[in-house]
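Colleague: Please see the structure below; I have some questions.
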Amino acid sequence: MDKNQLLTKLWEQYIEITPSALKIHELLEEKGEEILNDHIAIRTFNDKRVNIEVLEKAFINVGYEAKGEYYFETKKLYAKHYENALDKNAPRIFISELELEKCSAELQEKVQQLLDNCDQNVFNDPNLVLSGAVWKGNSQAVYKSLLEESEYAAWMYVYGFRANHFTINTNALKGFKTLEELNNFLEASGWELNASGGKIKGTPEQLLEQSSTLADLYDVDFEEGTLKVPSCYYEFALRYPMSNGELYQGFVASSADKIFESTDVKLQKTI
Ligand code: OOG
Ligand code: NI
């Protein structure tokens, strides 16, 4: 699979459970915008069968290189970002992992069981990142118990390996000069934004401003019946030039910390 095939598959799987992202994408295209992606985010657990080192392979194979790393103490997450050396317009990739050893013994045991019960060959599949919840997480009881400790773990249980979000490169939009203008347009069109830590995360001094929608609610079939579970969100990033005149390429941990919450059920008003 080449880079474009991989990124296209990630997009197709993403809009399947995130119809609002496709609608926003089309709305901007109708305004004459040509959309570039700033980055795509992936989530995982730090078990050595599925950790960042395993998931990064699909991207390294198509020209990506590891760049920054980020720590999220309270959420017990670690993340790395990747840039494509061969194609400057390619979206960055942001991969985070839950640090299991910092979680409760109960959570560790649940995740261990999920992974142990899978056909172990799936972890060697070069397309693992496109494979979703390979453990077929269909128990509301497990989902809810994970949710009590880690919203991230609960999301992983249901959705697994796939794009968690795509991010529009706001610098490349012709009709919006600031992130606030884009946010206002989205809100006027009926979308709700993640207001955790303010609708705009980051400042021009931090060289990156970000905003995001709240994740769509998706009907998930569990053995106990159907439940709406936040799926994925759409993010918007505006980058500022560094002193050498080039746009900042990294991420800002304090902002990312709040962006993670875009999948949090607690931010949903309609659930
Ligand atoms: C990643 C959240 C962080 C960013 O751009 O700072 C992030 C996630 O929700 O998995 O994407
Ligand atoms: Ni992001």
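Colleague: Search the stretch 209-251 for residues being assigned to a strand (DSSP E or B), hydroxyl-bearing (Ser, Thr, Tyr) and in contact (Cβ under 8 Å) with a residue 40 or more places away in the chain, and hand back the single one that is surrounded by the fewest Cβ atoms within 10 Å (Cβ to Cβ).
Modeller: Tyr218
Colleague: Does any residue of the stretch 14-23 turn out to be assigned to a loop (DSSP other than H, G, I, E, B) and either in contact (Cβ under 8 Å) with a residue 12 or more places away in the chain or under 26 Å from Tyr218 (Cα atoms) (or both)?
Modeller: yes
Colleague: Being within 16 Å of ligand 2 (Cβ to nearest atom), among the polar types (S, T, N, Q), surrounded by 17 or more Cβ atoms within 10 Å (Cβ to Cβ) and not in a loop (DSSP other than H, G, I, E, B) is the requirement here; does Ser254 meet it?
Modeller: Considered against the rule, which asks whether it is within 16 Å of ligand 2 (Cβ to nearest atom), among the polar types (S, T, N, Q), surrounded by 17 or more Cβ atoms within 10 Å (Cβ to Cβ) and not in a loop (DSSP other than H, G, I, E, B), Ser254 comes out as no.
Colleague: Which count do you get for residues in the stretch 120-149 that are in a helix (DSSP H, G or I) and free of Cβ contacts under 8 Å to residues at least 24 places away in the same chain?
Modeller: Counting residues in the stretch 120-149 that are in a helix (DSSP H, G or I) and free of Cβ contacts under 8 Å to residues at least 24 places away in the same chain gives 5.
Conditions (1) among the hydrophobic types (A, V, I, L, M, F, W, C); (2) in contact with a strand residue (DSSP E or B) (Cβ under 8 Å, 6 or more places away or on another chain), marked per residue:
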residue	(1), (2)
Glu33	no, no
Asp38	no, yes
Ala41	yes, yes
Glu56	no, yes
Phe59	yes, yes
Glu65	no, yes
Phe72	yes, yes
Ala85	yes, yes
Gln108	no, no
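Rule-based calculations on the coordinates, nothing more; no lab input. Not measured: the values here are computed from a predicted model. Cβ: placed from backbone, ideal geometry, glycine included. Neighbour counts: every protein chain shown.
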